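Shown next, in structure tokens, is the structure this report addresses.
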Amino acid sequence: MYNFLTGIKSTGRPHLGNVIGVIYPTIFLTKLTKLTKNVILIANLHSLTNLKYIKNNKNNAYKILAVWLACGIDSKQFIFYRQSDITEVTELLWFFSIIYPYNRLKLVHSFKENVKKQQRINTGILTYPILMAADILISKAELVLVGKDQLQHLEIARQIAKKINNIIAKKIFTLPQSIVIENLIPGTDGTKMSKTKNNIIDLFASKKEIKKQIRKIKTQKQFSHKKKELLKDNLYNIYIRLAGKEKKEKIKKKCQMGYEHAKEELYKLIINKFKRERNLYKYYLKRKNKLETIFKKGAKKMKKIVNSTIYEVRKAFECN
């Protein structure tokens, strides 16, 4: 029996990549594996490292929860909570910050990537992995569903757990194990689907907007049946990952007719495949009181989990 945790930043409505790469694997995993606690975190503090998300932060959290519910997650079997509702997390961030070397944080891949992209880097971007470690360790998570790009962050959490356990000669923290997300849907430009890259397909947008996003998918100059070329074909790969390999001949024919025909076929597939989820999303988003109740219940349950952990940490640092 294991404690399970995964999370998603409140940077807006989850896109196709989030649904296929995080939400559905979570549902599948928790049905197959014997888990003690299933925790889903809405990382609404992590999202604030980009100041443009401040304005819609609260509403974005509702959107994320609505998508999870629309995709079939049972809120009675999961603990949903907002990061900001558990103030002990930011307290733990401080304790972790004073034992983790500053120079190592500067070497984290995500930080170096942000330095390349931006001239002005806020402190939150530097300490992002420490806050993530606080989320993981305070929840007593043993299995954490992450993308490959977050493996280094999980390793930092493990390093911190080991260090504190060694300092006080007591096992306060368990060492979390990763479950790596492999089933990634490429973005419209062929790279990882991401809102910051503006290469997403938003399942819950209007039909007009979805069609517009699909039209942006980069394609090859000429479609080829050769295996090596198929692996490079972005439109073909997106379709196959959604429809299954048994539908590959259908999309090949459409691509041969012209990529505009293949894009229309992908649009029809998405609208038909996710019709139920799209309708349920609208249903839940109109009931924000219900969503708020789920968050409050989740925060109450999390408080019981984190209280014993933060007590032990305060005691270890003689701050109680």
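The values are calculated or read from the model by the stated rules, or taken from the named source; none is laboratory data. What you see is a predicted model; the values in this text were computed from it and never measured. Here Cβ is always computed from backbone atoms with ideal geometry, including for glycine, and neighbour counts include all displayed protein chains.
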Answer with yes or no whether residue 277 is surrounded by fewer than 19 Cβ atoms within 10 Å (Cβ to Cβ) and touching a residue at least 40 places away in the same chain (Cβ under 8 Å). yes
With the structure loaded, tell me whether residue 223 is touching a residue at least 60 places away in the same chain (Cβ under 8 Å), surrounded by 17 or more Cβ atoms within 10 Å (Cβ to Cβ) and of a type in the set (Phe, Trp, Tyr) or whether it fails that test. no
Within segment 85-124, which residues are buried (at least 18 other Cβ atoms within 10 Å of the Cβ), within 17 Å of residue 44 (Cβ to Cβ) and either without any contact (Cβ under 8 Å) to a residue 24 or more places away in the chain or among the hydrophobic types (A, V, I, L, M, F, W, C) (or both)? 86, 89, 92, 93
From the list 50, 56, exactly one residue is in contact (Cβ under 8 Å) with a residue 24 or more places away in the chain, buried (at least 16 other Cβ atoms within 10 Å of the Cβ) and either in contact with a Ser or Thr (Cβ under 7 Å, 6 or more places away or on another chain) or in the same structural domain as residue 295 (by TED's automatic domain parsing) (or both). Which is it? 50
Looking at the structure I just gave you, is residue 96 of a type outside the set (Lys, Arg) and in contact with a Phe, Trp or Tyr (Cβ under 8 Å, 6 or more places away or on another chain)? no
Based on this model, can you work out whether residue 254 counts as surrounded by 15 or more Cβ atoms within 10 Å (Cβ to Cβ), over 30 Å from residue 134 (Cα atoms) and not assigned by TED's automatic domain parsing to the domain that holds residue 84? yes
Those residues of segment 281-304 which are farther than 15 Å from residue 61 by Cβ and either hydroxyl-bearing (Ser, Thr, Tyr) or surrounded by 18 or more Cβ atoms within 10 Å (Cβ to Cβ) (or both), in sequence order: 283
Residues of segment 118-143 satisfying the condition of being in contact with a helix residue (DSSP H, G or I) (Cβ under 7 Å, 6 or more places away or on another chain) and closer than 24 Å to residue 191 by Cβ: 121, 125, 128, 129, 132
Pairs please, first residue from segment 186-210 and under 21 Å from residue 278 (Cα atoms), second anywhere and in a loop (DSSP other than H, G, I, E, B) and among the basic types (Lys, Arg), Cβ atoms under 7 Å, 6+ apart in sequence or on different chains. 187/197; 188/216; 188/218; 202/13; 204/13
